[in-house]
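Here's the structure, in structure tokens; my notes come after.
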Amino acid sequence: MLRLPINWFAIVNFILLCTLLAACGFIDLRSINYTVNLQGFESILNEYNSPLTIEFDTQVVKKDAEGVFQVSSDSGSVKGDFNWQGNSLYFVPVSGWTAGIRYTLNINGTIRALDGRELRLQHFASFYAINKNPRPLLEYFYPDNEQSIGTNNFALELQFTISMDRLSVESALSLDGIGNKTFEWQDDDKNIKVAADKPLSAWTSYRWNLKDSAKSIDGVPLPKQYSGSFTTDLDITLPEITEVYPVTFSYGSWNATGANIETGLALGEAIAVEFNKPMGESVLRSLRFEPSLTGRAEMLAENKVVFIFTRNPEPETLYTLIISQDARDAEGLKIGSEYRISFLPDIPYLKVLSFVDSGVNTAGEITFSIGFSLPLNNEEKLNAAQKILLSPFFPGMLPPIALQFVSWVSDDRIFMRWEGLQTGIKDAENYYKLTIPGGRGGISAGGLYMKENIEIFLEAVNEN
């Protein structure tokens with residue numbers, strides 16, 4: 001039998017190696033391979049929610065892979081959700097990708113496989129979503145920053161370098177202190193004008209702000225937020241009342257009479273108020289009188305108002321015209337302090353200048369005439385004849401009397417004959433009362449009336 005020599009040294013080394021490998025485990029020197037779905041330099045993802053993916057050729061510790069996966073842009077870190085499909089890690093941004101924004105993917109750190117292998121990753125890639133079109137810029141705006149402007153016909157104008165998405169711009173734009181506004185787009189949606197629905201307040205600072213959420217028609221946002229301010233202090237002249245005077249309507253317009261307001265306002269005239277500058281419509285509501293007078297205010301010119309009376313002022317009454325301190329000019333500036341001016345209208349009362357009677361004749365008739373201070377028109381004459389009253393006064397049992405004849409011998413003198421009077425006897429006089437009614441409901445001449453009733457007591461005495 002053939003016997004081979006035993007190499008005890010080799011056997012011992014083999015046993016020691018086996019013991020060491022059993023204690024420490026086998027060393028796997030295979031590399032871990034991975035693939036990122038970004039193709040080439042500055043790739044473009046197709047959709048707003050397209051995922052970024054990294055696929056490994058073996059199972060890895062998920063928390064390790066998620067921990068070294070970072071996405072950022074010029075605005076900072078991008079938040080997103082992770083999910084796994086097999087050995088592939090998917091990243092989807094919470095708010096979706098924004099078109100035209102340059103993003104950076106940074107995978108930097110150690111990733112461990114479940115079989116114990118490790119991968120030291122340093123992977124950088126830049127990419128876009130939807131498109132890589134240029135970002136829009138705001139190249140012009142009006143008013144300029146801190147510019148002084150007027151209060152009327154205001155419109156903020158913004159001009160962009162490329163066509164914009166209307167809704168995103170209108171939603172991103174704010175104008176402090178301005179309520180309802182209208183948007184007008186021009187120049188293929190590169191220019192927008194924002195108009196206020198009413199005049200701005202005078203001497204007020206306004207500020208506008210355009211957030212970077214405003215986007216171009218391609219969905220690319222502004223690179224930054226824009227803002228500006230302006231002040232409505234272009235007009236620094238306060239409105240003032242320069243003149244108040246009576247006016248009369250002739251030849252289709254109101255014209256100054258040349259009289260002063262303090263004593264020269266005549267019957268049928270109105271009051272004009274003149275200012276040093278154009279006034280706003282609020283001035284029409286700022287005029288009032290003490291005691292109260294009814295009427296309406298109208299604009300005669302941009303700096304002139306007329307107050308037209310519905311009813312003439314009372315004669316011999318002192319009035320005060322008051323213009324409120326809230327009266328504003330066309331720019332919205334107030335007059336600052338209340339304006340007052342007193343006036344005594346040149347409007348007299350109607351008066352009875354004469355009364356002539358012929359006494360009572362044997363037939364029980366009395367004839368008399370009444371002369372007035374002003375002429376009456378035909379309608380006023382008719383009313384006067386119906387309102388003048390002669391009636392029994394004392395004693396109470398006297399029979400009624402009647403108007404027999406009336407005639408106007410002139411525009412200011414009436415002739416009347418009454419019948420049915422009874423003359424008295426000694427120690428038993430008969431009296432009659434003649435009433436000429438005054439006040440607004442009494443006898444009038446051209447709108448003028450007597451201050452009060454005139455009563456004349458007549459004793460019936462036979463003159464024949």
Please go through the range 414-450 and give me each residue that is of a type in the set (S, T, N, Q), open to solvent by 20 Å² or more (accessible area, probe 1.4 Å) and either without any contact (Cβ under 8 Å) to a residue 40 or more places away in the chain or over 13 Å from Asn383 (Cα atoms) (or both), ordered by number. Gln422, Thr423, Thr435
Given the condition crowded, with 16+ Cβ neighbours inside 10 Å and within 30 Å of Tyr140 (Cα to Cα), answer yes or no: does some residue in the range 234-254 qualify? yes
Just the residues that are touching a residue at least 40 places away in the same chain (Cβ under 8 Å) and open to solvent by 20 Å² or more (accessible area, probe 1.4 Å), please, taken from the range 336-352. Gly336, Tyr339, Ile341, Ser342, Leu344, Asp346, Pro348, Tyr349, Lys351, Val352
Close pairs (7 angstrom Cβ cut-off, 6 or more residues apart or separate chains): under 14 Å from Ile101 (Cβ atoms) and among the basic types (Lys, Arg) in the range 49-77, at pLDDT 95 or above and not in a helix (DSSP H, G or I) anywhere: none
So is Arg328 within 26 Å of the chain's Cα centre (by Cα) and buried (at least 19 other Cβ atoms within 10 Å of the Cβ) or not? yes
Find the residue count for the range 213-252, including only residues that are touching a residue at least 40 places away in the same chain (Cβ under 8 Å), in a loop (DSSP other than H, G, I, E, B) and within 29 Å of the chain's Cα centre (by Cα). 10
Selected residue (criterion: surrounded by the fewest Cβ atoms within 10 Å (Cβ to Cβ)) from residues of the range 286-304 that are in contact with a Phe, Trp or Tyr (Cβ under 8 Å, 6 or more places away or on another chain) and among the aliphatic types (A, V, I, L, M): Leu300
Looking at Lys193, is it surrounded by fewer than 19 Cβ atoms within 10 Å (Cβ to Cβ), assigned to a strand (DSSP E or B) and among the basic types (Lys, Arg)? yes
Do we have Asn260 as exposed (fewer than 15 other Cβ atoms within 10 Å of the Cβ), at pLDDT 95 or above and not β-branched (Val, Ile, Thr) here? yes
Of the conditions (1) exposed (fewer than 14 other Cβ atoms within 10 Å of the Cβ); (2) over 30 Å from Ser216 (Cβ atoms), Gly109 clears all except one; give me its number. (1)
Of all residues in the range 62-83, how many are of a type in the set (A, V, I, L, M, F, W, C) and either exposed (fewer than 13 other Cβ atoms within 10 Å of the Cβ) or touching a Gly at 6+ places or on another chain (Cβ under 8 Å) (or both)? 2
Output the number of the condition that Lys277 fails; it satisfies all remaining conditions of (1) closer than 16 Å to Thr320 by Cα; (2) in contact (Cβ under 8 Å) with a residue 24 or more places away in the chain. (1)
At least 2 residues that are touching a Gly at 6+ places or on another chain (Cβ under 6 Å) and within 23 Å of Ile443 (Cβ to Cβ) in each: list the strands (runs of 3 or more DSSP E) lying fully within the range 255-371 that qualify. 352-360
For the range 196-212, what are the residues that are surrounded by 16 or more Cβ atoms within 10 Å (Cβ to Cβ), free of Cβ contacts under 8 Å to residues at least 60 places away in the same chain and over 29 Å from Tyr128 (Cα atoms)? Ala196, Tyr206, Trp208
Residues in the range 240-254 that are more than 14 Å from Val306 (Cβ to Cβ) and either at pLDDT below 95 or touching a Gly at 6+ places or on another chain (Cβ under 6 Å) (or both) total 1
Given the conditions (1) open to solvent by 70 Å² or more (accessible area, probe 1.4 Å); (2) at pLDDT below 95; (3) closer than 30 Å to Asn462 by Cβ, which single one is not true for Val360? (1)
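The values are calculated or read from the model by the stated rules, or taken from the named source; none is laboratory data. Not measured: the values here are computed from a predicted model. Glycine gets a Cβ as well: all are built from the backbone with ideal geometry, and neighbour counts include every protein chain shown. These accessible areas exclude ligands, DNA and RNA; they are computed on the full protein's heavy atoms, side chains included. Shrake-Rupley method; radii C 1.70, N 1.55, O 1.52, S 1.80 Å.
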